[in-house]
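Notes to accompany the following structure.
The values are calculated or read from the model by the stated rules, or taken from the named source; none is laboratory data. From a predicted model like this one, the values you see are computed outputs, not experimental measurements. Cβ sites come from the backbone with ideal geometry, for glycine too, and all protein chains shown count toward neighbours.
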Amino acid sequence: MDFALDDTTQRLLSALDDFMQEKVYPAEPVLEAQLAEHPDSWSPPPIVEELKAEAKRRGLWNLVPLDQRGGSAAALTNLQYAPLCELMGRSPKLAPAATNCAAPDTGNMELLRAYGTDDQRREWLEPLLDGRIRSSFCMTEPDVASSDATNIQTSIRRESDSGRRDVRDGRDGRDRRNGSDGSGDHYVINGRKWWSTGAMNPGAALFIVMGKTDPDSERHRQQSMVLVPRDTEGVTVVRPLTVFGYSDRDHGGHAEVLFENVRVPVANVLGGEGEGFAMAQARLGPGRIHHCMRAIGMAERALDLGRARANERVAFGKPIAEHGVIREWFAEARMEIEANRLLVLKTAWLMDTVGNRAAHSEIQAIKISVPRMLEKIVDRMIQVFGAAGVSQDSPLAEFAAGARTLRLADGPDEVHLNALGRAELKKRD
């Protein structure tokens with residue numbers, strides 16, 4: 001394993017660092033001011049659009065590892081993307097969106113690239129790559145434990161145009177007319193989703209919805225994904241969901257979304273009926289490592305902030321940096337960041353060389369370890385800051401909310417620990 005930066009990565013990293021120093025960090029207070037000025041708006045603040053234009057101008061657009069991409073950068077491997085994504089993580093509210101590398105769009109673009117038809121790519125992938133639209137991924141549901149994706153209850157039923165009534169007959173409750181045999185022109189979607197990231201943003205033109213097309217099939221073949229335009233009749237964005245009180249308006253928030261008799265053409269199925277669960281797992285693998293890459297950047301930013309605070313703040317007659325416990329915290333933080341960074345780089349290298357499936361255990365390991373590391377470091381930097389650390393005067397409080405959320409997003413710790421432990425116990429000498 002060779003983790004040395006190649007020429008492409010060094011060039012992009014240098015250009016991205018310049019962009020962060022010259023444009024992104026100075027824009028952070030501007031973002032907060034614009035969000036405060038328009039508290040009821042879910043559209044991207046003007047500063048985000050300005051940064052997007054500048055990122056395109058500098059060739060820092062679509063830096064994600066996609067085979068089909070826009071922008072001027074060459075296609076990247078996961079290993080090349082890792083330091084770039086980490087650097088973006090230092091300003092998580094601005095840098096990913098500015099470079100078109102923000103969730104959930106990156107995962108949705110990967111789904112469309114890997115499983116979409118030519119028509120679906122033209123209609124949705126191209127405008128996503130261009131940054132003309134945003135998107136949302138609708139999987140999690142409020143009424144079931146969605147950490148087990150087979151629990152998803154949203155109904156995606158096939159129906160012909162000539163008979164729109166849902167006529168049910170028989171003990172199994174199947175529709176005995178217009179689609180009971182899998183025929184029909186349209187899907188009819190009914191269900192309630194939540195934590196649909198980005199859905200509050202009116203620019204999120206596409207919802208990728210996961211639900212059950214065949215509840216009687218094998219457990220992992222019941223689910224499908226369907227492309228639903230936002231303006232389809234029956235789609236209702238019910239309310240925003242806050243994260244420890246934060247609205248996350250900068251990237252379109254998180255929403256509860258209701259689908260009531262939503263009709264879309266059968267051509268809107270992504271990948272094919274019964275492929276939803278497998279596609280969700282394929283989508284979440286890269287998503288998890290991207291979260292971890294950004295989390296390392298957040299940890300480094302928190303450490304930078306804490307270092308400056310510790311050296312300038314005086315307590316009991318000397319800078320708090322000279323107190324032994326503070327030095328221990330910084331020493332431990334450096335060791336934890338470096339260890340987790342190496343594990344993420346190893347995971348990225350495995351994904352590039354042997355594939356996501358073969359890197360499954362490593363993806364699970366970083367998904368457990370990195371958010372825990374971030375949570376611990378941010379908590380200690382808040383202690384270094386004192387009361388200011390939990391205020392709006394530093395990003396640490398919001399970092400803390402994000403770190404805690406990462407222990408649930410894309411699967412809770414306990415699910416990954418169970419699967420990782422099971423795999424470890426099956427190993428043979």
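Can you tell me which condition TRP349 does not meet? The list is (1) in contact with a Gly (Cβ under 9 Å, 6 or more places away or on another chain); (2) closer than 23 Å to GLY107 by Cα, and all the others hold. Every condition holds for TRP349 apart from (1). Quickly run through region 253-289 and pick out the residues that are of a type outside the set (A, V, I, L, M, F, W, C) and either in a helix (DSSP H, G or I) or closer than 30 Å to ALA401 by Cα (or both). Scanning region 253-289 gives GLY253, HIS254, GLU256, ASN268, GLY276, GLN281, ARG283, GLY285, PRO286, GLY287, ARG288. State all residues of region 230-281 that are of a type in the set (A, V, I, L, M, F, W, C) and over 18 Å from SER135 (Cα atoms); if no residue qualifies, say none. Listed by number, the residues that qualify are VAL243, PHE244, VAL266, ALA267, PHE277, ALA278.
Table: residues versus (1) surrounded by fewer than 20 Cβ atoms within 10 Å (Cβ to Cβ); (2) over 17 Å from TRP194 (Cβ atoms).
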| site | (1), (2) |
| --- | --- |
| ARG239 | yes, no |
| ASP248 | no, no |
| GLY253 | no, no |
| VAL257 | no, no |
| GLN281 | yes, yes |
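The set of residues in region 92-107 that are part of a helix (DSSP H, G or I) and under 17 Å from TRP61 (Cβ atoms) comprises ALA95, PRO96, ALA97, ALA98, ASP105, THR106. Note on region 201-212: residues that are in a loop (DSSP other than H, G, I, E, B) and either surrounded by 24 or more Cβ atoms within 10 Å (Cβ to Cβ) or under 15 Å from the mean Cα position of the chain (by Cα) (or both) amount to 1.
As a summary of the residue check, ASP40 satisfies the conditions (1) buried (at least 18 other Cβ atoms within 10 Å of the Cβ); (2) at pLDDT below 95; (3) of a type in the set (D, E, K, R) except for the one numbered (1). Tell me, yes or no, whether region 239-252 has at least one residue that is within 22 Å of VAL264 (Cα to Cα) and in a strand (DSSP E or B). No, region 239-252 contains no residue that is within 22 Å of VAL264 (Cα to Cα) and in a strand (DSSP E or B). Residues in region 138-149 that are in contact with a Phe, Trp or Tyr (Cβ under 8 Å, 6 or more places away or on another chain), of a type outside the set (Asp, Glu) and at pLDDT 95 or above: 3 in all. A single member of VAL24, VAL30, VAL48 is within 18 Å of ILE133 (Cβ to Cβ), at pLDDT 95 or above, part of a helix (DSSP H, G or I) and out of contact with any Lys or Arg (no Cβ under 6 Å at 6 or more places or on another chain), and it is VAL48. If the condition is being free of Cβ contacts under 8 Å to residues at least 12 places away in the same chain and either part of a strand (DSSP E or B) or surrounded by 14 or more Cβ atoms within 10 Å (Cβ to Cβ) (or both), then region 136-150 contributes VAL144, SER146.
Considering GLU362, GLU336, the condition of being over 20 Å from the mean Cα position of the chain (by Cα), touching a residue at least 12 places away in the same chain (Cβ under 8 Å) and part of a helix (DSSP H, G or I) is satisfied by GLU336 alone. Do we find a residue being small (Gly, Ala, Ser) and either surrounded by fewer than 20 Cβ atoms within 10 Å (Cβ to Cβ) or in contact with a Gly (Cβ under 8 Å, 6 or more places away or on another chain) (or both) anywhere in region 298-306? Scanning region 298-306, I find no residue that is small (Gly, Ala, Ser) and either surrounded by fewer than 20 Cβ atoms within 10 Å (Cβ to Cβ) or in contact with a Gly (Cβ under 8 Å, 6 or more places away or on another chain) (or both), so the answer is no. Does ASN78 qualify as being touching a Ser or Thr at 6+ places or on another chain (Cβ under 9 Å), crowded, with 22+ Cβ neighbours inside 10 Å and farther than 24 Å from ASP248 by Cα? Yes; evaluated as a whole, the condition is true for this residue. Before we move on, is GLU110 surrounded by fewer than 18 Cβ atoms within 10 Å (Cβ to Cβ) and not assigned by TED's automatic domain parsing to the domain that holds TRP349? Taking the combined requirement at face value, the residue does not satisfy it. Could you go through region 57-68 and let me know if any residue there is buried (at least 21 other Cβ atoms within 10 Å of the Cβ), modelled with pLDDT of 95 or more and over 29 Å from MET225 (Cα atoms). The answer is yes; a qualifying residue exists. With respect to the conditions (1) free of Cβ contacts under 8 Å to residues at least 40 places away in the same chain; (2) of a type in the set (A, V, I, L, M); (3) outside any strand (DSSP E or B), ALA299 falls short on a single one, namely (1).
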